[in-house]
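The values are calculated or read from the model by the stated rules, or taken from the named source; none is laboratory data. These numbers come from a predicted model, not from an experiment. Every residue, glycine among them, receives a Cβ derived from its backbone with ideal geometry; neighbour counts consider all protein chains shown. Accessible surface is based on the protein model in full, side chains and every heavy atom, while ligands, DNA and RNA are left aside. Shrake-Rupley method; radii C 1.70, N 1.55, O 1.52, S 1.80 Å.
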Amino acid sequence: MAILEEPITSPLRLQNLINGEWVDSEGRMVDVVNPANLQAIAQVPISTKQEFDQAVAFAKEAFYDWRRTPPLARARCMFRLKELLEKNFEELSRIQSMEHGKTIDESRGETRRGIEMVEVAAGIPTLMMGYNLEDAASGIDEYLIRQPLGVFGIICPFNFPFMVPLWFAPFAVATGNCVVMKPSSEDPISQIKVAELAVEAGIPDGVWSIVNGGRDIVNAMLDHPDIKGVCFVGSTPVGRDVVYRRCGETGKRVIAQCGAKNFAVLMPDADIPKTIATCMTSFFGNTGQRCLANSNLVVVDEGLSKGEAEAFYERIVNEFTTAASKIKMGYGLDERVQMGPLRDQGKRARIVSYIEKGLAEGATLKLDGRIFELVDERPRDCFLGPTVFSDVTPQMSIAQEEVFGPFACILRARTMDEAIDMIHANPFGNSASIFTTSGKWAREFQYRTECGNIGINIGIAAPMAFFPFGGMKDSFFGDLHGQGQEIVRFFTESKVVIQRWF
Ligand code: NAD
């Protein structure tokens, strides 16, 4: 049997976690649908503002004791949570494949990356330390302490239902804050499971809460006077125009990690077979629904004659297209499958509209994702194969805008300078990769490129939990980033004490 056993066998009725209790919402229920077979696997509430306010009120109350709990005791909760996540590793991974559509290998990778956040947050007694200076002035000592602030809100995207919320929640809680999280209503089950384990790990009532819902909960969060800060991951229009703007107006700390359009720059000296293989996971992994996915491949022919340059471009287009055409598609829980469906029909329709735009703009359609095979018989509504366009120019909308699907544009540039100019002309600045064997080119690229995450012979430049997750231009709004030392600073206020004893 190729398809792994499903951990959800009948539709779940999801609840909110408020003050440590799982409670029904008064809001209407909407279906969470498995995109690989169109079966409803859960019903999620679209909760009310009153329910959100209640969760915040309990969280505020819980903060009093939680901030007085020694960091080492809080760290022990993280150790227990990590153990529970490990114990449930496979179930958590399969749930992601069911609710999102990604392959089981991608889900296992996501589970691993999420657990790493909890592992790093367990180091909070040292991460949270301040610093001091004896005799800052004669007979006067000065020191800095970091204190938690209160209740934080977390707003989650659909594309990494397990990992992304863990970029924030473990650090918020380990630093002594409380969180109220709104998972994506498209795939909320993973965070329900994580929260169940957080309760089992002994995290006290009210410290880790979940309120399911849509934009009304986001709006309530942005306006609530007791929410000290908001962590948002999602699209640029929502992150910039709703979350960042309103947090400015209401005086909240904010991290808004937003959309992307990432470039991979392929230099003529690159290791071509390894680069093409890396590009396949970079462009088409997670069905292209990844903020660090590369989606524009720029073939640079610096130093080549005109004839060599033509041949080089042709070779890359052909090898890239051939490799993409071999990707096996189907249900993510089928271990033969290399690419799952898109999250829903609406996302598929949006990407199809970009195929039509690419044709209208005059790019060459080398591989048409509308024509595809699946490894087995099943509803095809959410599936779309890899699409590859060549002869793309940087001004075309398919090269400018975030498509967020298995959709590759191949461009060309005479020099690396020209490639960097293309990157800088794009409004986004999340990530960029260079493929080369030249240290000089790699360093120049790293030095000059205005993007928060740089890959050198790496297709997905995803920072580990102990480094911040960067982002520039329209890909990030805020000051401090998620993960690592920066998130510890985000979740704490620095207080400086100056003392003298007469
Ligand atoms: P989205 O912006 O549609 O939704 C994100 C969250 O905001 C959801 O919880 C949603 O319920 C809420 N929301 C949606 N519209 C809203 C509105 N008008 N007002 C208030 N709240 C609203 O994003 P998505 O489709 O869930 O996620 C995909 C996007 O996330 C892509 O643009 C991707 O690049 C981005 N992303 C960025 C990063 C990063 O680190 N930069 C990581 C992952 C995903």
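Things to note:
- All C-alpha pair distances within segment 20-80, sorted into 5 Å bins from zero, spread as 4, 14, 14, 14, 13, 13, 14, 9, 4, 1 percent across the bins.
- DSSP assigns beta bridges within the chain; of those with both partners inside it, close to 45 percent run antiparallel.
- Close amide H partners of Val179, meaning residues 5 or more places away or on another chain with modelled amide H under 5 Å apart, are Phe152, Trp208, Ser209.
- On full extension, the segment bounded by Arg215 and Leu38 gains 61.3 nm, given 0.36 nm per residue less the C-alpha separation.
- Remark: segment 324-336, residue by residue, has Karplus-estimated 3J(HN,Hα) of 5, 5, 8, 5, 8, 10, x, 6, x, 7, 8, 5, 7 Hz, where x stands for each Gly or Pro and the curve is 6.51 cos²θ - 1.76 cosθ + 1.60 at θ = phi - 60°.
- Of the solvent-accessible surface of segment 262-456, computed with a 1.4 Å probe over protein heavy atoms with every protein chain present, carbon and sulfur atoms account for 51 percent.
- The chain: relative contact order as a whole-number percent, Cα under 8 Å and 6+ apart: 19
- Spatial separation of Cα centroids for segment 421-450 and segment 60-121, in angstrom: 33
- Nitroxide proxy distance, nm - points 7 Å out along Cα→Cβ at Asp479 and Trp501: 3.4
- Measuring only protein heavy atoms, the 1.4 Å probe finds Val497 accessible over about 40 Å².
- Qualifying trypsin sites (Lys or Arg not before Pro) for segment 32-133 [loop in DSSP, other Cβ within 10 Å: at most 13]: Arg68
- Our estimate of slack between Leu365 and Arg112, defined as 0.36 nm per intervening residue step minus the Cα-Cα distance, is 87.4 nm.
- FRET E, pair Leu144, Phe467, Förster distance 22 Å, beta-carbon r, rounded to 0.05: 0.45
- Zone of Lys87's modelled label, taken as backbone nitrogen in segment 5-37 under 17 Å from a point 7 Å along Cα→Cβ: none
- For segment 262-456, share of DSSP beta bridges that run antiparallel, in % to the nearest 5: 10
- With a 1.4 Å probe rolled over the protein heavy atoms of all chains, the accessible area of Thr126, Thr278, Thr9 falls in the order Thr9, Thr126, Thr278, largest first.
- Ordering Tyr447, Tyr244 by accessible surface, largest first, gives Tyr447, Tyr244; the 1.4 Å probe counts only protein heavy atoms, with every chain in place.
- Spin-label pair Met129/Arg443, simplified geometry with 7 Å Cα→Cβ offset, distance in nm: 3.4
- Loop-located GluC sites (Glu not before Pro) across segment 404-450 with a Cβ neighbour count of 15 or fewer within 10 Å are Glu450, with loop assigned by DSSP.
- Over segment 262-456, Cα pairs under 8 Å with separation of 6+ residues give a relative contact order of 29 percent.
- Mean residue ellipticity (222 nm) of the chain, computed from DSSP H runs ≥ 4 via -39,500 (n - 2.57), nearest 500: -11500 deg cm²/dmol
- For the pair segment 234-268 and segment 1-25, the centres of their Cα atoms are 30 angstrom apart.
- Taking all protein chains as shown and a probe of 1.4 angstrom, Tyr331 keeps an accessible surface of around 10 Å².
- Listed residues Thr364, Thr103 arranged by accessible area, highest first, probe 1.4 Å: Thr364, Thr103
- Solvent accessible area, Å² - Phe89, 1.4 Å probe, full protein context: 40
- For the pair Glu401 and Lys306 in one chain, pulling the backbone fully straight at 0.36 nm per residue adds 31.2 nm over the alpha carbon distance.
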